[in-house]
Amino acid sequence: MVRINDNYLRLPESYLFSEVARRVAEFQKAHPGKEIIRMGIGDVTRPLCKAAIDAMHSAVDDEASASAFHGYGPEQGYAFLREKIALHDYSGRGIDIDADEIFIGDGAKSDLGNFTDILATDMTVAVTDPVYPVYVDTNVMAGRGGERIGEHHEGIIYLPVNKQNGYVPPLPDRRPDVIYLCSPNNPTGTALTRQQLKEWVDYARREGCLILFDSAYEAYIHTADVPHSIYEIEGAKEVAVEFRSFSKTAGFTGVRCGYTVVPRCLKGRAADGEEVSLNRLWNRRQSTKFNGASYISQRGAEAIYTEEGQRQTKETVEYYMENARIMREALSAAGYETAGGVDSPYIWLKTPGRMSSWDFFDFLLSTHGIVGTPGSGFGAEGEGYLRLTAFNTREATLKAMSLLLP
Ligand SMILES: *Cc1c(COP(=O)(O)O)cnc(C)c1O
């Protein structure tokens, strides 16, 4: 028989969402008429904007004509999209990033998971706790997890983020090679300010670490002091890769398109001490293992950068953020403690008293028919929290909040 990658056996069973679904189904069966309000949704729900839809329709027509047909595209993505991104998301914000430092992909999750292909197998990574599970699981698959002790892998450095530290990951007490930062954060909904992010960039420069910066929720930022890109911080280009996605920005979760920025000045060290460009290695990796995001998705993404596309996507983001505002205000009026919901569509709700995440989940479900996501599912430090999202309709959001008010 074929030998398997044993590292996969070290992965914890990912039972969070299936357990949520199981408990909801059980409740529904016991209370057939009862309305269920899903506030655990981790996906956008509004349709794509017209500008993107029109552009994709027209791209489909291109594929139907011999003269406009597009087959394999550049593995790095089409210049028409890379140039729009460079102009709009970077130089327009005073950041100097060239189109050839931008790699278009089929979403941020794959790039986040694949990026460590070009890094040493025996390096150490640091993540926050709670965390977006992709960072941990992909490193465990690559053999960087070590033994699993309780909820942690001994090979991974966990940085607790909680109310006490204001959800700002503390600098580690031993040096990691790679640090994953997600701001605005999933699941806590909080975001790092310029000064807080600068401390991490300075640390990475001092210690020679690489930061993998996930800014999938960049479009939700409303606070002036929260950077949209890590490259707004001086010196970040030498230490950081940035992952962005059209999924939450423009509803592309089903269409699939995102991009990764690997600055040319970013270097890694080979075993013999030679300095090697990470842009060159990632380019090599992508041209070998990836054949480019679809032409149709890239035309759709390009349309987001038009004036109408900008206006329409902003409208949708504002719709979700109005839900978030309604939730924050109602929850605090009902006496709950919350974080997030200002620069992200996620609200991190403290369970009352010393209730566990799952007990509070059961309480909200059985009392009000409201479904959240237990914080403990995102890491040990998430125990005692529940994640609510602003991705439901206005009507359902208002209904859920009215149920919670005394
Ligand atoms: C949704 C999300 C992404 C984006 O994933 P895609 O693969 O681009 O759809 C990346 N990071 C986090 C933390 C997310 O929640």
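The numbers here are math on the coordinates, done by the rules we state, and not lab data. Small disclaimer: the values here were computed from a predicted structure and weren't measured. Every residue, glycine among them, receives a Cβ derived from its backbone with ideal geometry; neighbour counts consider all protein chains shown.
Relative contact order of the chain, taken over Cα pairs closer than 8 Å and 6 or more residues apart, is 23 percent. Based on alpha carbons, the Rg and Dmax found for the chain are 21.6, 68 Å. Over region 142-181, the reciprocal of the mean inverse Cα-Cα separation, the Kirkwood hydrodynamic radius, stands at 11.6 Å.
This model, with +1 at the C-beta of Lys and Arg and -1 at the C-beta of Asp and Glu, gives the chain a dipole about its Cα centre of some 660 debye. Rg/Rh for region 249-309 (Cα atoms only, Rh after Kirkwood) is 1.13. If eta is 1.306 mPa s and T is 10 °C, what Stokes-Einstein diffusion coefficient results for region 62-211, Kirkwood Rh from Cα pairs, in µm²/s? The Stokes-Einstein estimate is 89 µm²/s.
Fraction of C-alpha pairs exceeding 21 angstrom in region 170-277: 38 percent, rounded to a whole number.
Plainly put, region 277-392 has a radius of gyration that is 1.16 times its Kirkwood radius, both from alpha-carbon atoms, as the Rg/Rh ratio. So what is the 222 nm mean residue ellipticity for the chain from helices alone, if each DSSP H run of at least 4 adds -39500 (n - 2.57) and you divide by all residues, rounding to the nearest 500 deg cm²/dmol? Estimated from H runs of four or more residues: -11000 deg cm²/dmol.
Measuring against 24 Å, Cα to Cα, the residue pairs K29/K248; K29/K399; K50/K314; K84/K198 contain K29/K248; K84/K198 as the ones spanning a longer distance.
Summarising the strand pairing of region 53-306, around 45 percent of its internal DSSP beta bridges are antiparallel.
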